[in-house]
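The values are calculated or read from the model by the stated rules, or taken from the named source; none is laboratory data. Owing to the predicted nature of the structure, the values given are computational and were not obtained by experimental measurement. Counting neighbours? That spans all protein chains shown, and the Cβs are built from the backbone with ideal geometry, glycine included.
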Amino acid sequence: MTDLTRMEAELSARVAAAADLAALEAIRVEALGKTGSISELLKTLGKLTPEERREQGPKINGLRDAVQAAIAARKDALETAALDAKLAAERVDLSLPPPPERRGRVHPTMQVLDEMIAVFADMGFSLAEGPDIEDDFHNFTALNFPPKHPAREMHDTFWLPEDERGERKVLRTHTSPVQIRTMQRLNEKLPSWIANGQEPPIRVIVPGRTYRSDSDATHTPMFHQLEGLVIDRDIHMGHLKWTLDQFIARYFETPMVESRFRPHHFPFTEPSAEMDVKCDRSGGDVKIGQGNDWMEIVGCGMVHPNVLRNCGLDPDQWQGFAFGFGVDRLGMLKYGMPDLRDMFAGDTRWLDHYGFSAFQAPNPATGLS
Ligand code: DAH
């Protein structure tokens, strides 16, 4: 056997025995790499005489081709085997149950807003909206907070930087500015309505985000309110009380909830009140409709004549009542969530626990699903 045929036999045997692609590559480098054994042989051709080269050339090139072909064949075989092994190992078992699917949940605040809206919609209220970024006029002045009046300090206001007109806008501290926007719209449309013989009362609710610089277990910098406003002729406190009592009974799904009105002060209502509901706090969490404690749930009152005038309405012709609920607090009360800050922390475990299914059966009290 010549040296070349021995080399070929040896290399072919090693290639055939290469256990994986890495081992095969090592053999390729050893034989065909820059300083590999076959490459070194090819380099010797240049130094041979033409006759020798004519004899040796084809043999050495033949050796190179044979080894290259063997490596390519082995590579193919190894890759096919690897793929077969992978296919066998990764076979999908269609009889297995599917992995659990992550379900989205409805945030309690949105659920509570839907429930509140459904109850008020049944009483003939429609929805109104206003901007989150308000001007001083709508958020304070028109609501009878005089400029520089200490009542403005009741709200820990987020002020925006001065704009080009030197005006500082605010993140609205309550939904009450939408009262002003709604009454201004009424005032605009009134002449044509009266001309057409229609004088619809205003009955609106305003759900929305509100902002104050405050954070503890019952306060977050962003929270939700639901404002209510009724404007009509001959409206009085009795209408207000009935409306809120109806709401409480339906929202808390108990037929009779005892309520009381406590005098209070808001610049934009006169008289002003807070309404409390009877509840039981003895067991740690609050149970509405039983017990002997009182819980404040809503601020309210008769719309102040100054506020009506600020919107161009004549207080001798028009009266109204207004109320403002803290939506998130109402949710904490009904669904037993202890800390308001958790509601906006964005923790999906919290949402899995306190959230609502988007596909639940209709609630018999609200008709909402
Ligand atoms: N805007 C009040 C607040 O954020 C809540 C409020 C009280 C709204 C009385 C009203 C009302 O409409 O009549 O503290």
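Select from segment 122-173 the residues that are aromatic (Phe, Trp, Tyr) and within 13 Å of the ligand (Cβ to nearest atom) and list them in ascending order.
Listed by number, the residues that qualify are PHE140, PHE145.
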Open item on the list: With the structure loaded, tell me whether VAL29 is β-branched (Val, Ile, Thr) and at pLDDT below 90 or whether it fails that test.
Closed with: no
TODO: Would you please name the residue that is farthest from the ligand (Cβ to nearest atom), looking only at residues in segment 274-325 that are of a type in the set (A, V, I, L, M, F, W, C), farther than 18 Å from PHE125 by Cβ and touching a residue at least 60 places away in the same chain (Cβ under 8 Å)?
DONE: LEU313
- [ ] With the condition kept exactly as written, say whether any residue in segment 216-239 is within 12 Å of the ligand (Cβ to nearest atom) and surrounded by fewer than 16 Cβ atoms within 10 Å (Cβ to Cβ).
- [x] yes
- [ ] Could you grab the pairs with beta carbons closer than 9 Å, sequence gap of 6+ or different chains, first residue in segment 248-266 and among the hydrophobic types (A, V, I, L, M, F, W, C), second one at pLDDT 90 or above and in a loop (DSSP other than H, G, I, E, B)?
- [x] PHE266/ASN144; PHE266/SER176; PHE266/HIS304
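Restricting attention to segment 232-266, which residues are part of a strand (DSSP E or B), closer than 26 Å to TYR211 by Cα and not charged (D, E, K, R)? Outline the logic, then answer.
Within segment 232-266, the first condition is being part of a strand (DSSP E or B), and the residues that meet it are 232, 259-264.
Among the residues that remain, those that are also closer than 26 Å to TYR211 by Cα are: 262-264.
Within segment 232-266, PRO263, HIS264 qualify.
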Task: Top-ranked residue of segment 198-215 - restricted to ones that are surrounded by 15 or more Cβ atoms within 10 Å (Cβ to Cβ) and under 18 Å from ASP328 (Cα atoms), ranked as nearest to the ligand (Cβ to nearest atom) - done: THR210
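Restricting attention to segment 203-250, which residues are small (Gly, Ala, Ser) and closer than 29 Å to HIS107 by Cβ? Talk me through it step by step, then tell me what you get.
Initially, segment 203-250 is screened for residues small (Gly, Ala, Ser), giving 208, 213, 215, 217, 228, 238, 249.
GLY208, SER213, SER215, ALA217, GLY228, ALA249, listed by residue number.
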TODO: Can you tell me which residue within segment 330-353, out of those that are in a loop (DSSP other than H, G, I, E, B) and over 15 Å from the mean Cα position of the chain (by Cα), is surrounded by the most Cβ atoms within 10 Å (Cβ to Cβ)?
DONE: MET337
Open item on the list: Residues that are touching a Leu at 6+ places or on another chain (Cβ under 7 Å) and either assigned by TED's automatic domain parsing to the domain that holds GLN317 or exposed (fewer than 13 other Cβ atoms within 10 Å of the Cβ) (or both), at least 2 per element: which helices (runs of 4 or more DSSP H) completely within segment 96-197 meet that?
Closed with: 108-122, 177-195
